[in-house]
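Take a look at the structure below.
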Amino acid sequence: MCKKMMHYKRYQNWNRKGDVFVVCVDEETGYNHKRVKPKLFYLIFLCLVSFSFFVAPQFFTSPHKFSLLYSVSSQGGGLISNKSDFNACSSVFNGSICCERSSIRSDVCVMKGDVRTDSASIRITLYRNNDNNEYALRNLDENDGVLRHEKIRPYTRKWEKSVMDTVDELDLVVKGEHSRIHQKCDVKHDVPAVFFSTGGYTGNLYHEFNDGILPVYITSQHFNKKVVFVILEYHAWWIMKYENILSHLTEYPIIDFSSDKRTHCFPEAIVGLRIHDELTVNSSLMGNNKSISNFRELLDRAYWPRIRSLIQDEEREAGINMEKHVSLSSFETKVVTAEEKQALKKPKVVIISRNDSRAIMNEDSLVKLIEDVGFRVEVLRPQRTTELARIYRVLNSSDVMIGVHGAAMTHFLFMRPGSVFIQIIPLGTDWAASTYYGEPAMKLGLKYIGYKILPKESSLYDEYDKNDPVLTDPNSVNDRGWEFTKKIYLDRQNVRLNLGRFRKRLLRAYYHLCC
């Protein structure tokens with residue numbers, strides 16, 4: 001299983017094999033595999049127990065919360081504390097900072113009290129009273145009044161050094177009360193702030209939802225819109241693209257941290273985003289037991305006002321067109337209407353079409369096959385500029401979504417629970433297809449059907465000898481590194497479906513919906 005986790009860049013996980021913990025990491029980061037034997041764990045445990053006897057009083061009265069025991073997430077989402085992540089820093093004292101750093105996926109720091117921004121220094125400062133801090137008073141001059149200093153890159157791919165190095169790093173400092181006279185508030189807010197970055201892999205639909213939108217929901221939904229979002233590496237197009245969703249998470253204007261030079265003051269700040277697993281929400285880690293279904297309900301609320309507007313526009317346009325064709329006989333009109341009504345009774349299939357690599361080369365024949373089985377079909381060709389509300393409308397009204405593995409499969413989030421998701425799995429993408437889309441789709445309540453193509457269904461069959469490992473042993477190719485996976489299986493592979501074989505998947509979907 002460890003080898004499978006090496007197949008795709010941008011992923012790290014912790015597995016348990018018997019009594020040995022194995023961490024699998026991206027080959028490109030240069031990290032090593034680490035195996036910790038049971039004896040070492042036992043010794044570490046004894047040390048921690050001994051440590052607790054000596055420092056227990058100080059530890060449990062300190063505002064800094066540390067997790068000493070860990071467990072592997074049952075969702076495969078990485079190392080998490082044995083307590084739910086949502087309450088790791090839930091009891092932060094006024095005037096203090098608490099940082100959660102136990103998760104492999106992201107760091108999160110909570111600052112409570114007099115919090116002020118300083119974009120010029122890429123810094124957030126928390127001011128607190130020094131009266132009862134004798135050590136701080138003795139060291140104010142030599143430390144420039146800094147009582148505590150933390151650093152954080154507020155992005156949810158903590159394990160991936162190559163991309164994290166591109167994310168702005170924030171300095172979080174705690175200073176004494178006297179220092180605040182040098183930093184006056186320009187804008188004073190009476191609600192908390194959540195700081196996060198829209199850098200990294202933003203621009204890819206999967207990463208925009210997995211690394212951004214879902215973590216924003218997980219981190220902020222409990223504020224019931226009474227929260228301000230402060231964004232590092234701000235992109236106006238990202239705000240416009242996700243405005244429908246963001247407006248259901250905050251009722252305040254979003255702040256561009258780098259460009260807004262004013263000092264913003266908050267009573268509390270969460271720096272960084274919490275993330276659970278691939279494209280999902282783990283209810284056991286949410287203080288109010290919210291789940292991916294609740295996120296799906298939020299999408300409904302976010303997009304339906306715009307969809308209703310689109311429908312009204314179409315109805316007005318249809319009315320105009322009808323007036324232009326008044327010469328059409330009433331008999332002909334009734335025939336057309338009857339045919340349309342009959343067609344609407346059939347379950348609807350939407351094909352997510354690709355124009356570049358991993359395209360379905362016999363797409364027209366596939367459409368005909370789907371119609372022969374008893375479905376009506378719509379081919380959706382989303383572009384980077386396609387309004388998400390339009391895509392949501394199409395998929396929310398469909399019964400089956402079909403597509404080849406890739407970022408566009410993130411659109412399964414737009415499907416109604418109970419509908420069917422058929423993912424076509426090209427050579428060399430088995431594990432990623434299941435991990436990133438198949439398993440999350442089932443958590444959302446979809447019927448997931450994977451269709452793993454045979455070598456003859458791949459365009460690579462025409463490029464390589466039939467005994468070449470590229471066709472016969474994709475795992476061995478993936479083991480050579482991400483660059484080989486990307487170059488061969490992602491960028492250069494198309495599929496020509498065996499329609500007789502694929503028909504069986506369509507029948508499974510049809511019987512699931514109709515019987």
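Descriptive notes on the structure:
- Residue check, V394 open to solvent by 10 Å² or more (accessible area, probe 1.4 Å) and in contact with an Asp or Glu (Cβ under 9 Å, 6 or more places away or on another chain): yes
- Of the residues making up segment 163-177, those that are open to solvent by 40 Å² or more (accessible area, probe 1.4 Å) and either modelled with pLDDT of 95 or more or among the aliphatic types (A, V, I, L, M) (or both) are D165, T166, D168, E169.
- The criterion of being within 20 Å of H182 (Cα to Cα), modelled with pLDDT of 75 or more and touching a His at 6+ places or on another chain (Cβ under 9 Å) holds for T117.
- Residue tally, condition farther than 17 Å from M164 by Cβ and either open to solvent by 20 Å² or more (accessible area, probe 1.4 Å) or hydrophobic (A, V, I, L, M, F, W, C) (or both), over segment 103-117: 6
- Being free of Cβ contacts under 8 Å to residues at least 12 places away in the same chain, among the hydrophobic types (A, V, I, L, M, F, W, C) and over 19 Å from F295 (Cα atoms) is a condition met by at least one residue of segment 240-249.
Here is a yes/no grid of residues against (1) modelled with pLDDT of 95 or more; (2) small (G, A, S):
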site	(1), (2)
H222	yes, no
E243	yes, no
I255	yes, no
S258	yes, yes
M286	no, no
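- Top-ranked residue in segment 286-314 [being of a type in the set (D, E, K, R) and within 19 Å of A441 (Cα to Cα); ranked as least open to solvent (accessible area, probe 1.4 Å)]: R296
- Within segment 219-238, the residues that satisfy the criterion of being without any contact (Cβ under 8 Å) to a residue 60 or more places away in the chain and either charged (D, E, K, R) or surrounded by 16 or more Cβ atoms within 10 Å (Cβ to Cβ) (or both) are S220, F223, K225, K226, V227, V228, F229, I231, Y234, W238.
- Cβ-Cβ under 6 Å pairs, at least 6 apart or on other chains, segment 178-199 side open to solvent by less than 90 Å² (accessible area, probe 1.4 Å), far side of a type in the set (S, T, N, Q) and not in a loop (DSSP other than H, G, I, E, B): V194/T219; V194/S220
- So L490, is it open to solvent by less than 70 Å² (accessible area, probe 1.4 Å), more than 20 Å from R358 (Cβ to Cβ) and within 23 Å of the chain's Cα centre (by Cα): no
The values are calculated or read from the model by the stated rules, or taken from the named source; none is laboratory data. Model, not experiment: these values are computed from the prediction. Ideal geometry is used to build each Cβ from the backbone, glycine not excepted, and the neighbour counts take in all protein chains shown. The area values use the complete protein model at the heavy-atom level, side chains included, leaving out ligands, DNA and RNA. Shrake-Rupley method; radii C 1.70, N 1.55, O 1.52, S 1.80 Å.
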